[in-house]
Amino acid sequence: MKPFTLMTSASLALLLALGLTACSDNKAEDAGEKIDEVMTDTGNAIEDACEEVKEGVKAKDTKC
């Protein structure tokens, strides 16, 4: 997956999660946990994309 597409998908997922938590009757703690989960997933996706790009250009250090 291209990094731009990955970041766009992750951003969309974050916006949808925020929208769903704002409309629900759940407690604020549940909403915070969902946001934390989405942010963690987004960070992991960006890191994975960065590592793939570095591997594609055969960089010596593939960690981001």
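The values are calculated or read from the model by the stated rules, or taken from the named source; none is laboratory data. Predicted model, so just to flag it, every value in this text is computed and none were measured. Glycine also receives a Cβ, built like all others from the backbone with ideal geometry; neighbour counts cover every protein chain displayed.
Within the range 51-64, residues that are under 16 Å from Met7 (Cβ atoms) sit with their Cβ atoms under 8 Å from residues that are of a type in the set (Lys, Arg) and in a helix (DSSP H, G or I), at 6+ positions apart or across chains, in these pairs: Cys64/Lys54. Note on the range 23-64: residues that are modelled with pLDDT of 80 or more, in contact with a helix residue (DSSP H, G or I) (Cβ under 6 Å, 6 or more places away or on another chain) and small (Gly, Ala, Ser) amount to 2.
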